[in-house]
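Before any comments, here is the structure.
Just so you know, all these numbers are worked out from the coordinates, no wet-lab data involved. The structure displayed is predicted, hence computed values, not measured ones. Cβ: placed from backbone, ideal geometry, glycine included. Neighbour counts: every protein chain shown.
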Amino acid sequence: MTTAVIVAAGSGTRMGLDSNKALIKLGNKRVFMYSVSQFMKYVDEIILVISEKDSFIIDELPKNIKYVFGGKSRGESVYNGIKAASGDYVLIHDAARPFISSDVIKEITTNISHKEAVLSYLESVDTIRYNDNSKLTLLNRDNVIRAATPQCAPKDLLLDAYQKSFNENKQFTDDIAVLENYYPDIKINLIKVNKEAFKLTYPIDLKLASVIWRDYD
C-alpha cells in the first residue's frame with residue numbers, strides 16, 4: 001500500500017503574501033488540489049498536512065482525503081503526516097509544487113522497492129558555481145541536479161530517521177537528506193520530474209502558475 005503525504009502547512013512569506021500559498025486559487029481550484037488530483041490516480045491513500053489556522057479548508061476536502069495538522073517546522077509537519085500513513089511506502093510532496101505530472105507519479109508507484117528510496121529532480125539549466133567565502137569553484141552542470149518532490153521511501157525508515165533527527169536536534173532541507181544521514185547505504189533512485197513541477201516560492205512563480213494551471217485543471 002502506498003500513501004502520499006502532501007505538505008501544505010507552509011506560508012506565503014517569500015511570495016509576499018499574508019496567507020498560505022498552498023491555499024491560493026488558480027482557476028477554480030486551490031493550489032494544493034492540483035497535486036492531490038494527480039496523486040489520487042496512483043496511490044492508495046492521501047494525507048494532507050495543514051496548519052491549524054487553515055482548518056477552514058477541511059470542509060472543502062474530498063471525503064477520501066485524510067488530514068493532519070503540521071508542526072513548527074517542515075520536518076515536524078512531514079513527520080506528522082508519515083505517522084498517520086497507513087501505507088508501508090510513502091511519497092512526500094510539497095503542495096507548493098502543484099504541477100507534478102501524473103506520469104511521474106505513475107513511474108514511481110509502478111517501480112517501488114520497499115528497500116529503496118526515490119529522489120525526484122529537475123535538471124540544472126544554469127552554470128553553477130560553489131561560493132566558499134568568495135572562492136568560486138565551477139561545477140559541471142551535467143553532474144548537478146535540483147532536488148524536487150515527491151521524495152519517497154519505506155515508512156519505517158522515514159519514521160526512524162526523522163525521530164533520530166529530532167532527538168539530535170538536526171535540521172535538514174529535504175526528506176532524502178534525513179534518510180541519507182541515518183541510512184547512508186540505502187539505494188536512492190533518481191526520477192526526473194516534468195519542468196512544470198517547480199516550487200511556488202516568489203511572486204514571479206505565481207505569475208507563471210497563472211499561465212500553466214489550465215493544462216493541469
> For labels at ASP185 and LEU139 in the simple 7 Å Cα→Cβ model, what's the distance in nm?
Replying inline: 2.8 nm
> For the range 16-93, max minus min Cα coordinate along each principal axis, in Å, sorted largest first?
Replying inline: 37, 29, 21
> Per the Debye formula with a single identical scatterer at each Cα and no solvent contribution, what log10 I(q)/I(0) holds for the range 2-216 at q = 0.16, 0.18 Å⁻¹?
Replying inline: -1.14, -1.41
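As a footprinting exposure proxy, order SER102, SER73 by other Cβ within 10 Å, with the fewest listed first.
Details: SER102 16, SER73 12.
Fewest-to-most Cβ neighbours within 10 Å comes out as SER73, SER102.
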>> Could you check the spin-label model distance between LYS207 and SER101? Points 7 Å from the Cα along Cα→Cβ, value in nm.
In response: 2.6 nm
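Which percent, to the nearest 5, of DSSP beta bridges fully inside the chain are antiparallel? Let's see the in-between values first.
Values: 16 of 39 bridges.
Here the share of antiparallel DSSP bridges comes out near 40 percent.
Test of the criteria: in the range 46-108, which chymotrypsin sites (Phe, Trp or Tyr not before Pro) are in a DSSP loop and have at most 13 other Cβ atoms within 10 angstrom of their Cβ? Walk me through the numbers before you get to the answer.
On the way: sites: PHE56, TYR67, PHE69, TYR79, TYR89, PHE99; in loops: PHE99.
Here no chymotrypsin sites (Phe, Trp or Tyr not before Pro) fit, given the DSSP loop and packing criteria.
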>> Across the range 108-217, what fraction of all alpha-carbon pairs, as a whole percent, falls in each successive 5 Å bin from zero upward?
In response: 2, 10, 15, 16, 18, 17, 13, 7, 2, 0
> Karplus couplings for the range 51-56 from phi (6.51 cos²θ - 1.76 cosθ + 1.60, θ = phi - 60°), rounded to Hz, Gly and Pro as x?
Replying inline: 7, 4, 5, 9, 5, 4
